[in-house]
Structure formats: C-alpha cells, structure tokens
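Worksheet for the structure shown next.
Laboratory data are not the source of any read-out in this text; all were calculated from the coordinates shown. The structure presented is a predicted model; accordingly, all values stated were derived computationally and were not measured. Cβ sites come from the backbone with ideal geometry, for glycine too, and all protein chains shown count toward neighbours.
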Amino acid sequence: MTGLPAPHHHNPRLTLPALPSRIPKPPPSFRSFNTSDVVPDSPSRIPKPQSSRKHFENHTRGKIGPLEGQPYSVMIDGGVIAVGDVHGQTKKLKSLWRQLCKLSDFDEYTVVFLGDYVDRGPDSKGSLDFLLELQETRPKTYFLCGNHDLAFAAFLGLLVAPRNRSFLETWGEAKTKGALYSGPGHEDMHLMGRRWGGMGYNSNTTFTSYGVEVGDREALIKAVPESHQKFIKSLPWVIEHPDYLFIHAGLEENTHMSEQLRLLRQRDVMRPVPWLISKKPMVGPPDLTKIVVTGHVHVQDVVITAKKIQVDTTGGRVGQMSAIVLPSCKVIKSNV
C-alpha cells in the first residue's frame with residue numbers, strides 16, 4: 001500500500017470559493033463486488049470519486065459540542081481508515097485495532113468509526129471505555145453517531161429539545177414497532193429513547209454491561225460515567241472529506257446533497273433521521289459528488305460500489321469486524 005499522501009490540515013481562516021453553479025453529473029453505474037475481488041492499490045479496480053480536491057465548506061474541525069442543533073461537522077483529508085459498527089463487541093474491536101496498528105504507515109491515516117457502539121454485543125461499557133482511550137491517545141481519530149447511540153442518548157435524557165418544543169412531537173412521526181418504555185422519565189422523552197428503553201434496539205445487553213437491572217433507567221443514568229455521556233451526546237452525524245462522506249446509514253435519493261448535508265450538520269433531533277436509521281439502499285441523490293461510506297446495514301463482506309461503501313460485517317452478532325483503508329480499498333478484519 002503505497003502512494004497515499006500524508007494528511008494535511010486546512011487553514012480554518014481560509015476564505016473559501018463558492019460552490020460551482022453547475023451540478024456535476026453522477027458517476028456511472030458500477031457493479032457491486034466483494035472484497036475478495038479487490039486488488040489493493042490497483043487503480044483500475046477502485047471506483048474513483050468524481051469530486052475535485054479543492055477546499056470545501058469549512059465547518060467545525062474536530063470540535064466537540066452538545067446536541068443542540070447548531071451547525072456541527074468534522075472535516076478531514078488524506079488517507080482514511082473507516083471502521084464498521086462496534087455494537088459492544090470489545091474483543092473484536094481490540095483484535096481489529098491490533099491488526100490496524102500493524103500497518104507500517106498507520107499513523108498517517110485518519111481513523112473514522114462509523115457509529116453504533118452500544119447494544120447487541122455483550123460489552124457496550126467496555127467498548128466505550130476503549131474508544132474513549134483512543135480518543136485521548138490517538139490523534140486523528142473520529143467517531144460518528146449511529147442510531148443506537150442516538151437512542152441511548154435519548155433514553156439517558158441527553159438530548160435537548162429546541163426552545164418551546166417538546167419531544168412529544170416525535171411520538172407521532174413514525175409507526176412504532178415493539179414496546180415503548182413507559183417508566184419514570186418517559187413523559188417528555190424522544191421516541192428513539194422510548195424505543196431503546198423498550199428493548200427495540202436490543203439494549204438489554206447495554207444495561208447488563210453497566211451492571212444494572214434491565215429497564216431501570218434511574219440506575220443506568222447513575223451507572224453511566226460522565227465521560228461516556230459526554231461522548232455519546234457529542235457525536236457528529238457526518239464527517240466530510242474531499243472525496244468521501246462518512247454517514248452511518250447513507251443519503252436519501254430525493255433530496256439535494258447540499259440540503260442533506262445542511263441537515264446533517266445541524267443535527268436536528270426533532271426531524272426524522274433517515275441518515276442514521278434507514279434500511280433502504282440509500283444510494284444518494286443524483287447530484288452526489290462523493291463516495292458515501294457507511295455502516296448500519298449488516299453485509300457479509302465489505303461492499304464497494306461507485307457511490308457507496310458498506311463496512312458493517314457483524315451487525316453486532318456474527319462475523320469478523322472490518323475496516324477499509326481508503327483510497328486503496330484494502331480491507332482489514334479482526335481475528336475473532
């Protein structure tokens with residue numbers, strides 16, 4: 001794996017050029033292929049993004065802020081390693097990290113975790129402990145918000161409704177599947193939090209990992225360390241790169257990319273959040289100019305197409321955890 005430029009930093013005070021008035025044509029259709037078909041560092045086999053490497057819109061770069069609807073995203077560049085969903089599988093996570101550390105140029109890469117750190121697997125607390133350690137000790141490591149993480153934050157009461165608004169408004173926005181939490185604190189809880197507390201997200205393992213009885217919200221709030229709560233509520237919904245967009249589930253087909261990016265940066269929890277929860281193909285709008293890198297949907301092997309790369313190879317249940325090295329498209333897996 002050679003030829004990757006070392007990541008460099010943009011000047012946040014730089015005056016940026018206006019976006020082009022003409023919308024670039026989308027890349028041609030490209031067949032889906034499994035990672036067994038990928039020849040690392042073979043340019044003819046790797047789909048090329050259609051965007052240029054000019055400076056792009058400058059929003060917050062690596063800054064952590066609460067979920068309060070203000071514009072917030074992370075800008076990165078250079079080589080990237082994207083890691084699939086974790087889901088409390090700490091042994092797989094640590095095994096995969098050991099494999100990544102063996103890369104001779106590992107320190108040159110930015111690492112992006114694609115979200116869903118809790119639920120399903122047996123050790124959500126241990127996974128968050130490990131990720132927080134990486135955040136403190138490994139530069140250029142970033143973490144996206146997944147739907148499980150947002151629902152966990154909602155159940156813990158970490159989401160803030162806009163002034164003069166109530167999360168009761170979210171209760172009627174979607175059909176409910178399964179039970180909803182109706183215990184103490186549910187009266188003004190976001191719908192995703194009520195689903196999480198009703199075990200709609202396989203959250204029972206998260207309760208257990210913190211050593212509290214399943215369903216006991218008060219005990220869970222006390223058991224979850226402040227550092228974990230700050231981490232969960234601070235996760236961005238999009239990480240932007242000149243050639244890639246890192247989003248947990250993907251982009252919708254019928255809304256312009258610029259409008260979807262505006263909403264993702266804003267993190268408006270009063271609206272439906274398809275970019276985090278949709279199981280549809282989410283191939284993106286016609287004016288998509290970058291490759292979208294996602295987790296969320298369980299695939300047997302990393303899937304690479306012209307518009308989208310999918311990296312969740314465990315679904316929080318079975319299989320090896322995966323990461324993809326960009327732009328070479330080399331896939332690295334855990335040993336367990």
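Ranking 238, 205, 224 by how far each Cα lies toward the positive end of the dipole of region 198-281 (charges on Cβ) leaves 224 at the top.
A cut-off of 5 Å between modelled amide H atoms, ignoring neighbours fewer than 5 places along the same chain, links residue 143 with 113.
3J(HN,Hα) along region 258-264: 4, 5, 5, 5, 4, 5, 5 Hz, from the Karplus curve 6.51 cos²θ - 1.76 cosθ + 1.60 with θ = phi - 60°, whole Hz, x for Gly and Pro. Within straight-line reach of residue 279, meaning a Cα separation under 19 Å, sit the following aspartates and glutamates at least 8 residues removed in sequence or on another chain: 85, 116, 119, 149, 173, 252, 253, 301, 312.
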